[in-house]
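Asker: Dropping a structure here in structure tokens format, bear with me for questions.
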């Protein structure tokens, strides 16, 4: 559904250089530190920046010349941009109805009310969480085939976050839909994504299925003597700790079977971030 | 484009209401001083300025990137700004001209008077406002808040040029002695203005297409 091939974008002290693909029917996550290039990747997909090299394809078309009709098939949440604050939801409803043929006014308004969003209040007076909820509801309001969600859960409390994630799971019940979602909160991505890209300094440093991350990866906590005896064939990274060594492996089962005395924690996105991003 | 027009009309309804009240008040004041042409010109100019501030509202809190993820293309955005600007200035102009002329007929003279000359002056104001909108849209997209300074510089340059020409022709007296076909001059001026407006529109589209968000 979306394909980025060797996309390059050079800023003064930052260079995005990445390739990634979002297949149909899948939720793809993108994780990385602040300034790693997540938002730049989203902007490249949406044609908000001009890329210096490579190609962006959406629905098989060149992303740079995407028609308005194709844009109707996309729902977007941007981390740092949203509706003009001097208008209300009530003001925006006819605009959205004119822009999207599958937009349902009644459903959108009732969803906004259900989420506690005041219809007649200026959006500039909304809290960060309310603004975010409005963007998500807008992205979900017009039967889009693709959702591009840059930090959609930032600023939301845990209850609303769960509610939003549930809405995204409901959205995915219709076949042939896809989501690309970025978040700082790894548990959000673990719960919803089929595969995860990790980006650092503009480059993709890891791409793995979420099931593999959670099932095969693990953190071995070994004392110094255990570490010396450990078969290090499947150790990807190890670093010293107070008690001995922390070792990250992608063959957790091998160590569980052969070293029953060693403590092994399950894999997680936090673990992957520690492995790939910790210098 | 329809969606963007709805948004801008809603902005006009919410943010421009005080301006509309001001325009009505100012027009009534000017009518009291027998200055209907200026009332029409000023009101039209004010509403044109408002149409340009919708770009500022779109940019408010970095709103433009999100706007451009909606099903519109960048040239649609530019086209909508021109359509909105021309539309509200034309409607305002028609309403002001109708109101002022009615006032003129019913209160001042009741004989029709020199309506032709007055209408030409009002039309000249409208053409000037169209020109200003055409120039200001690309400047606003290119320079944002600094567009006012750039416009002032452009207007001062044009003003100085016109003053030099005017003085050169002994304060306009020699213009009449040139024996020009003034209808042809007016037609030529309109053609030049239209060409300039087209150039400004293309420039605005180019600025928008090159902009990164």
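Asker: Mind listing whichever residues of the stretch A:164-183 are in contact (Cβ under 8 Å) with a residue 40 or more places away in the chain and closer than 26 Å to residue A:124 by Cα?
Answerer: A:168, A:181, A:182, A:183
Asker: Going residue by residue through the stretch B:116-138, is there one that turns out to be within 24 Å of residue A:81 (Cβ to Cβ), within 14 Å of chain A (Cβ to nearest Cβ) and in contact with a helix residue (DSSP H, G or I) (Cβ under 9 Å, 6 or more places away or on another chain)?
Answerer: no
Asker: I need a count of the residues in the stretch B:1-11 that are at the interface with another protein chain (Cβ under 9 Å from one of its Cβ atoms) and under 11 Å from residue A:87 (Cα atoms).
Answerer: 3
Asker: Next up: Applying the selection to the stretch A:145-195, what residues are within 14 Å of another protein chain (Cβ to nearest Cβ) and buried (at least 19 other Cβ atoms within 10 Å of the Cβ)?
Answerer: A:146, A:147, A:148, A:149, A:150, A:151, A:152, A:180
Asker: Quick check: anything in the stretch B:12-19 exposed (fewer than 15 other Cβ atoms within 10 Å of the Cβ) and more than 10 Å from chain A (Cβ to nearest Cβ)?
Answerer: Yes, that holds for at least one residue.
Asker: If residue A:91 satisfies all but one of (1) surrounded by 21 or more Cβ atoms within 10 Å (Cβ to Cβ); (2) modelled with pLDDT of 90 or more; (3) within 25 Å of the chain's Cα centre (by Cα), what's the number of the condition it fails?
Answerer: (3)
Asker: Across the stretch B:1-57, which residue is nearest to the chain's Cα centre (by Cα) among those that are without any contact (Cβ under 8 Å) to a residue 60 or more places away in the chain and part of a loop (DSSP other than H, G, I, E, B)?
Answerer: B:16
Asker: Between a residue in the stretch A:227-241 that is closer than 15 Å to residue A:257 by Cβ and any residue that is part of a strand (DSSP E or B), which pairs come within a Cβ distance under 8 Å, given they are 6 or more apart or on different chains?
Answerer: Pairs found: A:230/A:220; A:230/A:222; A:230/A:247; A:234/A:249.
Asker: Can you tell me which residues in the stretch A:97-109 are in contact (Cβ under 8 Å) with a residue 24 or more places away in the chain, more than 7 Å from chain B (Cβ to nearest Cβ) and in a helix (DSSP H, G or I)?
Answerer: A:107, A:108
Asker: Can you pull out every residue in the stretch B:58-75 that is in a helix (DSSP H, G or I), at the interface with chain A (Cβ under 7 Å from one of its Cβ atoms) and closer than 23 Å to residue A:101 by Cβ?
Answerer: Once the filter is applied, which keeps residues that are in a helix (DSSP H, G or I), at the interface with chain A (Cβ under 7 Å from one of its Cβ atoms) and closer than 23 Å to residue A:101 by Cβ, the stretch B:58-75 yields only B:66.
Asker: Report, by residue number, each residue of the stretch B:125-148 that is free of Cβ contacts under 8 Å to residues at least 40 places away in the same chain and more than 17 Å from residue B:81 (Cα to Cα).
Answerer: Of everything in the stretch B:125-148, those that are free of Cβ contacts under 8 Å to residues at least 40 places away in the same chain and more than 17 Å from residue B:81 (Cα to Cα) turn out to be B:146, B:148.
Asker: How many residues does the stretch A:72-82 contain that are over 21 Å from residue A:38 (Cα atoms) and either crowded, with 21+ Cβ neighbours inside 10 Å or at the interface with chain B (Cβ under 7 Å from one of its Cβ atoms) (or both)?
Answerer: Final tally of qualifying residues: 1.
Asker: So, restricting to strands (runs of 3 or more DSSP E) that lie completely within the stretch A:226-279, which ones have at least 3 residues that are farther than 28 Å from residue A:35 by Cα?
Answerer: A:263-266
Asker: Also, I was wondering about something else. With the condition kept exactly as written, say whether any residue in the stretch A:133-144 is surrounded by fewer than 19 Cβ atoms within 10 Å (Cβ to Cβ) and under 24 Å from the mean Cα position of the chain (by Cα).
Answerer: The answer is yes, given that some residue of the stretch A:133-144 is surrounded by fewer than 19 Cβ atoms within 10 Å (Cβ to Cβ) and under 24 Å from the mean Cα position of the chain (by Cα).
The values are calculated or read from the model by the stated rules, or taken from the named source; none is laboratory data. Quick caveat: nothing in here was measured; it's all calculated off a predicted structure. Because the Cβ atoms are built from the backbone with ideal geometry, glycine has one as well, and the counts that use them run over all protein chains shown.
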